[in-house]
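Bear in mind that the values in this text are calculations on the coordinates, not laboratory data. Given the structure is predicted, the values throughout are model-derived calculations rather than measurements. Because the Cβ atoms are built from the backbone with ideal geometry, glycine has one as well, and the counts that use them run over all protein chains shown.
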Amino acid sequence: MKILAIMGSPRKNGDNAEIVGSFIEGAKSAGHEIDVCHVYDMKFKGCIGCMACTEGKVDICIHNDDFNKMYQTIVDADCILFSTPVYFGHMTGPLKTFIDRFYTFLQEDYTLKHIPGKKFITVVTSGAPENMFCESVTGFFKTWFGEFMKMEHVGSLIAGDLTKNGTIKEKTKVLQKAEELGKSL
């Protein structure tokens with residue numbers, strides 16, 4: 001299985017990245033192929049709602065940027081992992097801007113191309129208790145990618161109550177759960 005991990009955190013060595021790293025270890029041990037995309041390393045513009053993609057005026061998007069370069073990787077993925085820390089009550093801004101560009105997978109009649117049937121996973125971390133914000137971010141993904149885009153939600157990894165020094169209080173359990181999820185696909 002081809003898995004694309006879309007990393008929405010600016011911290012490549014933070015808790016979010018560590019959880020995804022454990023997932024990747026498990027997935028690799030099960031023989032899965034992993035691609036990693038760090039949205040903070042990419043140069044891409046936000047969707048401007050021009051509809052050129054849905055009306056077939058362009059193949060992908062009018063913006064010639066890093067999202068267009070990632071397009072085929074997204075199409076080829078069997079499973080997409082979305083990871084983000086909670087920033088001001090929701091996912092990070094760059095991740096949301098990146099996700100807005102998934103508009104290109106809609107057609108003029110709002111049917112979908114390339115995305116339905118793919119699996120998806122969410123990884124959400126927060127300094128606040130997980131029941132405050134993590135569930136609302138996970139809920140966004142379940143609604144948009146699960147219900148609207150017809151993808152199959154196969155797991156969520158949530159870690160709230162991060163300590164002041166940036167470590168997960170029950171890190172061992174979360175990391176073990178992440179690795180097991182990676183192995184189970």
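With both bridge residues required to lie in region 101-185, what share of the DSSP beta bridges run antiparallel, to the nearest 5%? Mind showing how you got there, number by number?
Values: 1 of 8 bridges.
Around 10 percent antiparallel, to the nearest 5.
What distance in nm separates the two pseudo spin-label positions at Val36 and Asn13, each 7 Å out from Cα along the beta-carbon direction?
Each label point is offset 7 Å from its Cα along the Cβ direction, giving 1.3 nm.
Which net charge results for the neighbourhood of Thr143, defined as the other residues with beta-carbon distances under 13 angstrom from its beta-carbon, given Lys and Arg at +1 and Asp and Glu at -1? Write out the running numbers ahead of the final one.
Working: positive: Lys142, Lys150; negative: Glu135, Glu147.
So the environment of Thr143 carries a net charge of 0.
Taking 0.36 nm per residue of separation and subtracting the Cα-Cα distance, what length does fully extending Glu147 through Glu180 add?
Numbers: separation 33, 0.36 × 33 = 11.88 nm, distance 2.54 nm.
Gain in length upon complete extension: 9.3 nm.
Binned at 10 Å from 0, what are the whole-percent values of the Cα-Cα distance distribution for the chain, short to long?
All Cα pairs considered, the percentages come to 10, 37, 37, 14, 2, 0.
5 Å is the cut-off here: which amide hydrogens, built 1.01 Å from N in the peptide plane, fall below it relative to His63, excluding neighbours closer than 5 in sequence?
Placed amide hydrogens put nothing under 5 Å from His63.
Between Val75 and Thr172, what is 0.36 nm times their sequence separation minus the Cα-Cα distance? Round to one decimal in nm.
The Val75-Thr172 span can extend by a further 31.6 nm.
When only Cα pairs under 8 Å and 6 or more residues apart are kept, what is the percent relative contact order across region 59-149? Walk me through the numbers before you get to the answer.
Working: 77 pairs, mean separation 30.1, N = 91.
The normalised contact order for region 59-149 reaches 33 percent.
Which percent, to the nearest 5, of DSSP beta bridges fully inside region 2-184 are antiparallel?
For region 2-184, the DSSP antiparallel bridge percentage is about 5.
Helix-derived [θ] at 222 nm for the chain: sum -39500 (n - 2.57) over DSSP H runs of at least 4, divide by residue count, nearest 500? Could the numbers behind the result be given before it?
Details: 5 runs with 60 residues, N = 185.
When only DSSP H runs of four or more count, the value is -10000 deg cm²/dmol.
From the mean inverse distance of alpha carbon pairs (Kirkwood) and the Cα radius of gyration, derive Rg over Rh for region 77-140.
Numbers: Rg = 13.5 Å, Rh = 13.1 Å.
Result: Rg/Rh = 1.03.
Which of the pairs Lys118/Lys173; Lys69/Lys183; Lys45/Lys173; Lys28/Lys96; Lys45/Lys118 have their Cα atoms more than 32 Å apart in this structure?
Distance filter (> 32 Å) returns Lys45/Lys173.
Amide H neighbours of Val123 under 5 Å, counting only residues 5+ apart in sequence or on other chains, H built in-plane at 1.01 Å?
Sorted by chain and number, the residues that satisfy this are Phe82, Ser83, Thr84, Leu157.
Report, by chain and number, residues whose modeled amide H sits under 5 Å from the one on Leu162, excluding near sequence neighbours (fewer than 5 apart, same chain).
The list, which skips near neighbours in sequence, is Ser126, Gly127, Ala128.
What's the longest uninterrupted piece of the chain once you rule out the GluC sites (Glu not before Pro) that are loop residues per DSSP with at most 16 other Cβ within 10 Å? Write down the numbers at each step before the final one.
Values: sites that count: Glu55, Glu108, Glu170.
In the chain, the maximal stretch lacking such sites is 109-169.
Short version: ³J(HN,Hα) in whole Hz for each residue of region 77-92, in order, from phi by Karplus 6.51 cos²θ - 1.76 cosθ + 1.60 (θ = phi - 60°), x for Gly and Pro, what are they?
Using θ = phi - 60°, the values come out as 5, 8, 9, 10, 9, 10, 10, 7, x, 8, 10, 6, x, 8, 5, 5 Hz.
Tell me which chymotrypsin sites (Phe, Trp or Tyr not before Pro) from region 104-185 have a DSSP coil assignment and no more than 13 other beta carbons within 10 Å of their own. List each step's numbers first, then the result.
Values: sites: Phe105, Tyr110, Phe120, Phe133, Phe140, Phe141, Trp144, Phe145, Phe148; in loops: Tyr110.
The qualifying sites are Tyr110.
Take the alpha carbon gyration tensor of region 1-97, find the square roots of its eigenvalues, order them as a ≥ b ≥ c, and report rounded if a/c is under 1.5; if not, report prolate when a/b exceeds b/c, else oblate.
Oblate, because a/c is 1.5 or more while a/b does not exceed b/c.
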